[in-house]
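Undergrad: My structure is below; once you've seen it, I'll send some questions.
The values are calculated or read from the model by the stated rules, or taken from the named source; none is laboratory data. Because the structure is predicted, anything quoted here is derived from the model rather than measured. FYI the Cβ positions are ideal-geometry reconstructions off the backbone, even for glycines, and counts take in every protein chain you see.
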Amino acid sequence: MAHQWHFFRAGGVDQVAIRTGADLLALPELDQKLWVALAMPTRDVAIDPLTMDLLDADNDGRVRVPDILEAVAWIAATWKNPDEVLKRSDRVELSAIKEPAVASAAKRVLSDLGKSDGTHIGLTQVADVVKAFADTTLNGDGIIIPETATDPDTKLAIEEAMAAVGTVVDRSGKPGIDQAKADEFWKAIDEAAAWHQAGANAATMGPASSAAADALAAVKAKLDDYFARTAMVAFDPHALAGMNGQEADFAAMSGTALSSGSEAIARLPLTTITAGKPLALRAGINPAWVAPLASFADHTVAPILGARDSLTSAEYATILDKLAAFVTWRSAKPDTAVAKLDEVRINALSLGDARAKIASLIAADQALEGDYLAIASVEKLCRFQRDFGTILRNFVNFSDFYSRKEGVFQAGTLYLDGRAFRLTVPVSDAAKHGALAGMSAAYLAYCDIKRAGAAPRTIAAALTNGDADNVFVGRNGIFYDRSGEDWDATVTKIVSNPISVREAFYSPYKKLVRMVEETINKRATDADAKAGSKLEGTATQLATIDQPKPVDPLAATATTAPPAAAPAPAGKKPFDVGVIAVISLAIGAVIGALGGLLAVMIGLGVWAPFGIAALLLAISGPSMLLAWMKLRQRNLGPLLDANGWAVNGRARVNVAFGRTLTVLATLPKGATRSVDDPYADKKSHWKLYTVLVVIVVLAASWYAGKLDRFLPRPVDSVQVLGKNAPGYPGSWKQVEDLMKAKPSSRTLAPAKVELNVAPTK
């Protein structure tokens, strides 16, 4: 019979409940489409990294569904009752272990600790034993370190192998070599030893062979060039002019400072080219090649042919033949990692017993692998007892997160702007993370966090309650990680999204207030600048008033121009009636709008509250609708996917749940509060005065009949004041009633109609 599952609804997703060991063992039967997550990173989660490494069998830094199922199979074979695994504990009862090998290893650990009569084993105990075992020179990993060797020569051989072919790290964290590295080292030693042995046969001149070959190599290209040129001249005498260098080459050198080592000189032939002429080794030589050719004569020619001052083509061929085997051997030198070792050391390693000793040490270390695995299985037992249930509640389902126990992906709590933000996640790259996390439809604040003695980090906090009016880049707060350590936090980036419908309701009015404030500030700034400019101009005029000048007698007879009119004194501008007219029109428009709105509301009667609600809805409705639609899309998936998770569905964070993730500041229960603030702003009566002015203006407008066309008939000025109303009897309502009446009842006096009827609508 198939296992009967139980599902619970959270975050808009049906999530499977893992309540019993039977649920745990049946996980291989559960369709992966019903798992909340399909993969999670081994780092940046609130699970011990060593436990995550035990699950990550392929060491790729991620735990996937097959890794979880493999762990479930191991649990089924190790525990008598899998229900125990779902109970978080730091210790395991020996009686709960089903696998004999694991039970035996647990008893061995207790025995090593001097607790042979123990009934349970804890993670701290087994971790100490595992560490002690790993720190030994033979720890079952098949890797030996220099300290593993007991004699100096073997220790030196291990160090030489590490330098030559590289290292691997053993369980203690120290570098060493394993069998593969040892084989690579000995292969290089054997190749180098064989090459040195072949060199002994190729060195026909004995120790002098190397010096002779070196001297030959230094001049061989020029020697080949010289004998080829003489052969060409012997073949055709007309080639002589070209073989000794061109006049243009010498002309080019004549204008430059030369030295015997100049490249231009070195390119010329060794000596003058003549058909059949032997090469002079010490006289008439190209200055750039005097020293190399002399070395060739001393170290190569003399040992092979005897001392001489010239060299023929045939003699040169004899030298090449004599050194051919040695030159060929030396060019075949293997490019191995042991090239830095000399011939004596290479032969000693090749023929000595270091090879056998290193192999013996590696075999001895590998023989202890079973002991280590047995102890490691006890550590795995204890780690799964403590952490595996938590992993399931954050992988198969997100029950820890939705039950407000904090998911393993939550980094800690950020305190900022009078709120505690509990939904925070670590971030390695804010730009890359924000590109994907922004699709979560959550309002995100990225913060750089710093703490003395720790590397700086970055987190992303989701704002899910309140408003964002006072959250901006540069704002500082305090972040507490899962360990309770405090960090300085600074907001560095904002990803804006709606936070709540309530915030969206007030958003249009806040925008209006900000717009008015910005407009007032701008106009006040402009007015202040203009006033300052005028004041500066007036001061300049006063400072540059011309002083009386002495009269020039010669110019006295000249016709003088009439004095210019004195500039108008600075002061108040003439009264501008147009400004008053504009202000009056503006006031009239405002009063008309208010009157029209008031008339509509009064006309609704008992429905007036609904009218007010409709007006507010018309203003705030669009932003509230947009926020509602965004909040329906807000989910945890993209936020975790940006951190390397593979969330298998939409884990919604609705408004109700969001309020639990961002906690607003509230007074403690039972606290008292005094509202007397000695430093409160002084009360101003401008609001009262404004209301009174509006009331007076509206009353005057009503009395003058200006609002009658906007008001219901029972409350217009004519109906209330009768003949005392300034608009009586020519109000538009009387004329309207007259037009609606029957022709026989239209009895208005002609004089009254002719004189007093005002224009109708």
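Undergrad: Run down Ser399, Ser350, Ser360 and say which single residue is crowded, with 17+ Cβ neighbours inside 10 Å and over 32 Å from the mean Cα position of the chain (by Cα).
TA: Ser350
Undergrad: Being under 18 Å from the mean Cα position of the chain (by Cα) and buried (at least 21 other Cβ atoms within 10 Å of the Cβ), is that true of even one residue in segment 465-485?
TA: no
Undergrad: Could you tell me whether segment 226-236 includes any residue that is outside any helix (DSSP H, G or I) and either out of contact with any His (no Cβ under 6 Å at 6 or more places or on another chain) or modelled with pLDDT under 85 (or both)?
TA: Yes, because at least one residue in segment 226-236 is outside any helix (DSSP H, G or I) and either out of contact with any His (no Cβ under 6 Å at 6 or more places or on another chain) or modelled with pLDDT under 85 (or both).
Undergrad: Scanning for something of a type in the set (S, T, N, Q) and assigned to a helix (DSSP H, G or I), does segment 155-175 turn up at least one residue?
TA: no
Undergrad: Residue under question is Leu373, and the condition is that it be surrounded by 15 or more Cβ atoms within 10 Å (Cβ to Cβ), of a type outside the set (D, E, K, R) and under 30 Å from Glu159 (Cα atoms); does it hold?
TA: In short, no.
Undergrad: Still on this structure, please answer the following. Name the residues in segment 5-17 that are part of a loop (DSSP other than H, G, I, E, B) and either at pLDDT below 95 or buried (at least 21 other Cβ atoms within 10 Å of the Cβ) (or both), would you?
TA: Within segment 5-17, Gly11, Gly12 meet the criteria.
Undergrad: Another question, then. Looking at Asp481, is it within 28 Å of Leu617 (Cβ to Cβ) and touching a residue at least 24 places away in the same chain (Cβ under 8 Å)?
TA: In short, no.
Undergrad: Within segment 436-453, take every residue that is more than 16 Å from Leu414 (Cβ to Cβ) and touching a residue at least 12 places away in the same chain (Cβ under 8 Å) and give me the one that is nearest to the chain's Cα centre (by Cα).
TA: Leu436
Undergrad: Exactly one condition in (1) among the charged types (D, E, K, R); (2) within 20 Å of Gly474 (Cα to Cα); (3) assigned by TED's automatic domain parsing to the domain that holds Arg43 is not met by Arg383; state its number.
TA: (2)
Undergrad: Of the residues Gly407, Gly389, which is more than 18 Å from Asp112 (Cα to Cα) and in a loop (DSSP other than H, G, I, E, B)?
TA: Going through Gly407, Gly389 in turn, just one is more than 18 Å from Asp112 (Cα to Cα) and in a loop (DSSP other than H, G, I, E, B): Gly407.
Undergrad: Just to be sure, is Asp44 acidic (Asp, Glu) and in a loop (DSSP other than H, G, I, E, B)?
TA: yes
Undergrad: Still on this model: Among helices (runs of 4 or more DSSP H) lying entirely in segment 643-727, which contain 2 or more residues that are closer than 30 Å to Asp417 by Cα?
TA: Of the helices (runs of 4 or more DSSP H) lying wholly inside segment 643-727, those with at least 2 residues that are closer than 30 Å to Asp417 by Cα span 655-661.
Undergrad: Could I ask something else about it? Any chance you could count how many residues in segment 308-353 are among the basic types (Lys, Arg) and closer than 20 Å to Lys222 by Cβ?
TA: Summing the residues that are among the basic types (Lys, Arg) and closer than 20 Å to Lys222 by Cβ in segment 308-353 gives 2.
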